[in-house]
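Written below as structure tokens is the structure these notes are about.
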Amino acid sequence: MNSQIQYHRRRLADVAAALRLARTQTSREQGPRAQLAQHQQRRLDTVVRHAATHSPYYRRWFDQTGALGDGPVQLQRLPVLDKSLLMEHFDELVCDPRLRRDPLLEWVGKLTRDQLYLGRYRVMVTSGSSGRPGLFVYDPAGWRSTCAQILRASGWAGLGPSLPRQRLALLGGAAPSHVSRQGAATMAVGLHRTLRLPVTLPLPRLVQELNQFQPTFLHVYPSVAMWLAEEQQAGRLQVAPQMVVTIGELRTPEMTRRLQDAFGVHPFNAYGCTEGLWGSECEHHQGIHLFEDTTLVENVDADGQPVPAGQPGARLLVTNLYNRVQPLLRLEVTDLVTLGPDPCRCGRTLVRASTIHGRSDDVLSLPAGDGGRVAVHPLQFALLTRDPKVREFQVVQDGPVLRILVVPNQAAAAGTGALEAHLGQAVARQLRGLGVQDPQVTVERRPKLPRSAGGKLKLVIADPASRPVHSNAR
Ligand SMILES: [Zn+2]
């Protein structure tokens, strides 16, 4: 009982602090870039000097290189961290010697809700598109910063504390070790009336629950939003949310249009990763503003060199400016992003990810007519989301063959092979247009598709053996 009370107190304190922090963060959004840079440098100095003192890994690195002088820390001089290094050296990277990788992995696997480790730390796992798990530990300050970013992103979409309270439906179904589930659990202190639904429930049940609850806000993965759009248009789902927010998966322009048609609102798209980088579209919907005041982001090419604004990168290097217990400095995140060079009409000076193309692990490498290889981005399969008969799909690379697994919508479910033939031809045509030699495409109907522990759907599963060299883990 005592620990229950302690937990609730802690959660209230986290939310109160996050609300304050979100207000401070929001007040900085329109400031000049120079002011933002000063703030970033102060935070960077703080987290790096802390790491140099308390993390055996960084202490050794700074001792060996002498790279930490008395002046401001230079980000580009710090070593890049990837997920393999993070996991391999976990025990010496963290700044609290009581945190050990293997016991933590075992503990987090048994979580039933968002319990705190040692009464203090939040522990989260990412499945990672390459199948390697990532283990993340947040201290109270790091976690409050994350919660502030979640509140801030929701606030941009119009969700704030209000009377009467908003009715928020969160569809996720994430495991308790997933950041979305921990965020929702922390925030469940009564700011909004909240309905949490796991996406693993049968669709008719989701529809029934939503009809009953009548959400004013719908927070959902893009793929699940597509199911709901179909249900809404068929008249089985009858809700009138003021806003729909999607997060967690690639959302194509066609999906955005379908959501608009079904719900009559322009849905917001948000971005968040356990590593600490968060962001959201503003009311102009011209890319996702990244919350750079809490997390530094570098867009780099396959060789780790900085990519100029307006050009796509091969991965991001993310530096978390708040979490001290597990220094996340220049950590590789495999998102393929183009950062927009132009200021936004909304007046916010935070950089925009004008396009998020998916993850580099999801880029297919296919043989080209000229003997080379063609890199095919997941967005090339958007034509499948354009087809109203397709509820959802997944592309699986199987040696030389691309297998397209399709869940048809209810109206098309009883159809013959015409849908398969049509989709197969359309995808093959698209691939030929990109220069792929003799694309081999098969289309298979499925009643449902497998989802990750977080409930997400991967649009593309690349065959690791056919991956382009640059995305192989070093
Ligand atoms: Zn904007």
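Of the helices (runs of 4 or more DSSP H) lying entirely inside the range 1-96, the ones with 2 or more residues being within 26 Å of the chain's Cα centre (by Cα) are found at 2-28, 33-54, 83-88, 90-93. Of the strands (runs of 3 or more DSSP E) contained entirely in the range 110-226, those carrying at least 3 residues that are of a type outside the set (Asp, Glu) and more than 24 Å from Gly276 (Cα to Cα) fall at 193-197. The single condition from (1) without any contact (Cβ under 8 Å) to a residue 60 or more places away in the chain; (2) in contact with a Cys (Cβ under 9 Å, 6 or more places away or on another chain); (3) surrounded by 16 or more Cβ atoms within 10 Å (Cβ to Cβ) that Phe62 fails is (2). Looking across the range 395-429, the residues that are out of contact with any Ser or Thr (no Cβ under 7 Å at 6 or more places or on another chain), among the polar types (S, T, N, Q) and closer than 21 Å to Leu449 by Cβ come down to Asn409, Gln410. Using the structure shown, decide if Arg348 is within 16 Å of the ligand (Cβ to nearest atom), out of contact with any Pro (no Cβ under 7 Å at 6 or more places or on another chain) and either of a type in the set (Lys, Arg) or farther than 26 Å from Gly172 by Cα (or both). Here the answer is yes, as Arg348 does meet what is asked. Regarding Ala314, is this residue under 27 Å from Ser452 (Cβ atoms), at pLDDT below 95 and either out of contact with any strand residue (DSSP E or B) (no Cβ under 6 Å at 6 or more places or on another chain) or more than 16 Å from the ligand (Cβ to nearest atom) (or both)? The answer is yes for Ala314. When Thr355 is tested against (1) more than 16 Å from the ligand (Cβ to nearest atom); (2) modelled with pLDDT under 85; (3) surrounded by fewer than 17 Cβ atoms within 10 Å (Cβ to Cβ), exactly one condition is not met: (1).
The strands (runs of 3 or more DSSP E) found wholly in the range 238-293 and carrying at least 3 residues that are within 16 Å of the ligand (Cβ to nearest atom) and surrounded by 16 or more Cβ atoms within 10 Å (Cβ to Cβ) occupy 268-272, 278-281, 288-290.
Do you know which residues across the range 426-438 are at negative phi and in contact (Cβ under 8 Å) with a residue 12 or more places away in the chain?
Ala426, Val427, Ala428, Gln430, Leu431, Leu434, Val436, Gln437 - these are the residues of the range 426-438 that are at negative phi and in contact (Cβ under 8 Å) with a residue 12 or more places away in the chain.
The values are calculated or read from the model by the stated rules, or taken from the named source; none is laboratory data. The shown structure was predicted, so the numbers you read here are calculated from the model rather than taken from an experiment. Note that each Cβ is placed from the backbone with ideal geometry, even for glycine, and that neighbours are counted across all protein chains shown.
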